[in-house]
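I have a structure I would like to understand better, so I am pasting it below and will then ask my questions one at a time.
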Ligand code: FEO
């Protein structure tokens, strides 16, 4: 089934959004590393790798259907965070934007009766439920931590559960 221009454009837009999320998570990871939050740094590195993988899924679908994707420009990510809470809020906003983009792409696939794209996007719709859940939890945990000692203990906990590898699994 050939890809309609509307669905192709929606998938290209979403691929760019996923790559922009990867850039932003990379910037957050660097910020955390400089602030000595090694667990959070590892966590955001892992998110950056996942976002890139999400973009790859969309690009593969496009190329499998004979479309050379147009990738959009990505704005430089913010690096001026006031603290961990503002990093968590930025992650929350990124995930909400990703969900909106996925839903728009799905609506385009529905309108064009593009069943393969709908199946592809089902995976993303479920994934966004998980992505929003962790971003909610991150805000709640940081709010509950309250003081710098509790934040460091949360950071060590993250480092422990994410293991000693690069975190990009
Ligand atoms: Fe590709 Fe964090 O969603």
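Name the residues in region 1-51 that are in a helix (DSSP H, G or I), more than 22 Å from residue 153 (Cα to Cα) and away from the ligand (no atom under 16 Å from the Cβ), would you?
5, 6, 7, 8, 9
Where residues in region 107-160 are outside any helix (DSSP H, G or I) and either modelled with pLDDT of 95 or more or surrounded by 15 or more Cβ atoms within 10 Å (Cβ to Cβ) (or both), which of them is nearest to the ligand (Cβ to nearest atom)?
If we take residues in region 107-160 being outside any helix (DSSP H, G or I) and either modelled with pLDDT of 95 or more or surrounded by 15 or more Cβ atoms within 10 Å (Cβ to Cβ) (or both), then 114 is nearest to the ligand (Cβ to nearest atom).
Look at residue 61 and say whether it is more than 30 Å from residue 157 (Cα to Cα), touching a residue at least 40 places away in the same chain (Cβ under 8 Å) and in a helix (DSSP H, G or I).
Taking the combined requirement at face value, the residue satisfies it.
The values are calculated or read from the model by the stated rules, or taken from the named source; none is laboratory data. Computed from a predicted structure; not experimentally measured. When we count neighbours, we look across all protein chains shown, and the Cβ atoms used for this are built from the backbone with ideal geometry, even at glycine.
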